[in-house]
Each structure stands twice: as structure tokens, then as C-alpha cells.
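To start, the structure under review is shown below, and the notes come after it.
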Amino acid sequence: MKSFPLITAHTGCMGTPMNSLLSIETGISSGADIIEDDIQVTRDGILVLSHDDTVHLANGTENRISGMTFNELSDGLSTPISTLEQALELLQNAGKMMNLDLKTDGAIVPLSDLIERLGLLDQVFLTGCQYASALKVQMHNPRLNKLLNVDVRIFQTLSYVDAIRQTCEHAQSAGCIGLNVPYQLVQPLLLELSADYKLPVYLWTVNEEGLFRQFAEMGVRSITTKDVAAAIRVKQEVTGIGL
């Protein structure tokens, strides 16, 4: 039986609202292995699901999540904002993994506290961490699993081989468990060299069935997609499971 990469449901999968509990529920029910969401933090340390710090309030003004308390934020929005704790409860009950895309270093401490309190160290990993942020996470709590987000600029200034090696060395020195890579950068050589460092490759964001097959053949660890149903179809074709 052939294996297939883990399927990560990008937030907003299957046409659902971004960073919503519905997106999480849909990813779970569609058969994803991992659920991805973006993380911001309020002024009083409440972790919420949001890509941007800036929010548009019901009164027509803009404000920053980081500058508001959770109550101020909730009162100011026309639609409720979901908290990370709500999301983690869904994931915990479903037995799924969660990929938390860290959008601000200010979330590191409260995120660490929440994950430790809920006992979810083995069910959660962080992405969105370039080298400096990954080092901060490692210094605060080395028990938190994290991927190193590839710095595309390195691949624009160094040779492909040198860029891979520098990226892998950074990942190892920051205690990362793998690499988070935009799919456009992924070639077989990246998989070969990262394996020498024992760093699996997680890639984002793929929505074409032909690319699912291509990257599955390469041996990536996970593929992030908004089209979970298409990924599941390809997985069934490749593995023969569920046909």
C-alpha cells in the first residue's frame, strides 16, 4: 500500500469563512488530518483566530486586536470572533492535530501557557515562525513543537543548495521539527537534503489534484490545501483506501 502525505485543511477550507469554527468543523468532517488557523492575541492575552491584527468594527472604524481587550473586541465586532481555546476544544474532541500559524511574537507566551494548561503539546505545532521567532519560541518553551518557515529571500540570494543547507541549519539550531515551505520552492533536492537533517517538509498551499500526486511522490510530510475533498480523492486513488 502506498503512503500519502498528511492532509492539512487551510483555514477557510471548502468555501467556509476564514478562521471560523465552521472552517475547523468542515476540515474535520472532510477528513483532514491537520487543521490550520491563524493566531493573534488581544491586549489582555486572549488568543483569537485572525490573520490580521487590524479589524473592521461594526461602527465603521478600524482598530488593532493587540490594542483591545477581548471584551472590547467582542463588543466592537458585528460577528463574533473565535478564540483559540474554542478551536482547541473541537480539535481535542476530534483527535486531530492543529497547525497554529503564529502571526505575532506577542502570542508566544499566552500560547505556550494555554497549550501546557490543556495538555495538548502532542496535538499542536506552530508555523509562521521564521528564524528569529523560532528562536524566541525555543527560548521560552522548548517543549512546543514548531516548524521553521522558509525565508524565501534566502532562496533568492543564495544557490538552491546553499539556501537549503542554511535553512536546515537554522531549523536545527532553533529546535524545529520540520520545514514549512511554499510549494513553489519544493524540488526533489530539497527533500533529499532536508532528510539528511531529519527535517520533514510540510508544504503550502496546494489546490490542484495533479500537484497533490506530484508532491506525494516526492515524499513530503504534509500538504496544506483549501480543497480538502480533492486531496482526499487523490489520497484514495493513490492508496486504494476508501475506494
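The values are calculated or read from the model by the stated rules, or taken from the named source; none is laboratory data. Computed from a prediction, not measured in an experiment: that's the story for all the values here. Here the Cβ is made from the backbone with ideal geometry for all residues, glycine too, and neighbour counts use every protein chain on show.
Counting only strands (runs of 3 or more DSSP E) wholly contained in the stretch 170-243, the ones carrying 1 or more residues that are without any contact (Cβ under 8 Å) to a residue 40 or more places away in the chain and under 19 Å from Tyr131 (Cβ atoms) occupy 178-182, 201-204. Exactly one residue out of Leu135, Leu91, Leu100 is touching a residue at least 40 places away in the same chain (Cβ under 8 Å) and assigned to a helix (DSSP H, G or I), and it is Leu91.
Scanning the stretch 119-132 for residues that are assigned to a loop (DSSP other than H, G, I, E, B) and either among the polar types (S, T, N, Q) or at pLDDT below 95 (or both) returns Gln123, Gln130.
Please tell me if Lys103 is under 28 Å from Leu190 (Cβ atoms) and under 15 Å from the mean Cα position of the chain (by Cα). Yes. Screening the stretch 52-76 for residues that are assigned to a loop (DSSP other than H, G, I, E, B) and loosely packed, with under 15 Cβ neighbours inside 10 Å and picking the one that is nearest to the chain's Cα centre (by Cα) gives Asp52.
Look at the stretch 112-133 and say how many of its residues are under 18 Å from Cys176 (Cβ atoms) and more than 14 Å from the chain's Cα centre (by Cα).
7
Just one of the listed residues (Ser194, Ser173) is surrounded by fewer than 18 Cβ atoms within 10 Å (Cβ to Cβ) and modelled with pLDDT of 95 or more, and it is Ser173. Please tell me if Asp162 is without any contact (Cβ under 8 Å) to a residue 40 or more places away in the chain, more than 30 Å from Thr69 (Cα to Cα) and either in contact with a Phe, Trp or Tyr (Cβ under 6 Å, 6 or more places away or on another chain) or not in a loop (DSSP other than H, G, I, E, B) (or both). Yes; evaluated as a whole, the condition is true for this residue. Of the candidates Asp33, Asp44, the single residue that is among the charged types (D, E, K, R) and more than 19 Å from Phe125 (Cβ to Cβ) is Asp44.
Is it the case that Lys146 is touching a residue at least 12 places away in the same chain (Cβ under 8 Å), under 23 Å from Pro200 (Cα atoms), of a type in the set (D, E, K, R) and touching an Asp or Glu at 6+ places or on another chain (Cβ under 8 Å)? Walk me through how you get there before you give the answer.
Values: touching a residue at least 12 places away in the same chain (Cβ under 8 Å): yes; under 23 Å from Pro200 (Cα atoms): yes; of a type in the set (D, E, K, R): yes; touching an Asp or Glu at 6+ places or on another chain (Cβ under 8 Å): no.
It is false that Lys146 is touching a residue at least 12 places away in the same chain (Cβ under 8 Å), under 23 Å from Pro200 (Cα atoms), of a type in the set (D, E, K, R) and touching an Asp or Glu at 6+ places or on another chain (Cβ under 8 Å).
The single residue among Thr127, Thr167 that is crowded, with 19+ Cβ neighbours inside 10 Å and more than 27 Å from Thr42 (Cβ to Cβ) turns out to be Thr167. The residue of the stretch 77-93 that is surrounded by the fewest Cβ atoms within 10 Å (Cβ to Cβ), among those that are closer than 14 Å to Ser23 by Cα and among the hydrophobic types (A, V, I, L, M, F, W, C), is Leu90.
For the stretch 145-159, name all the residues that are part of a loop (DSSP other than H, G, I, E, B) and within 18 Å of Thr127 (Cα to Cα). Full working, then the answer.
Initial filter on the stretch 145-159 (part of a loop (DSSP other than H, G, I, E, B)): 145, 150-151, 158-159.
If the condition is that a residue be part of a loop (DSSP other than H, G, I, E, B) and within 18 Å of Thr127 (Cα to Cα), then Asn145, Val150, Asp151 are the ones that fit.
Scoring Gln156 on the criteria (1) touching a strand residue (DSSP E or B) at 6+ places or on another chain (Cβ under 7 Å); (2) exposed (fewer than 15 other Cβ atoms within 10 Å of the Cβ) leaves a single failure, condition (1).
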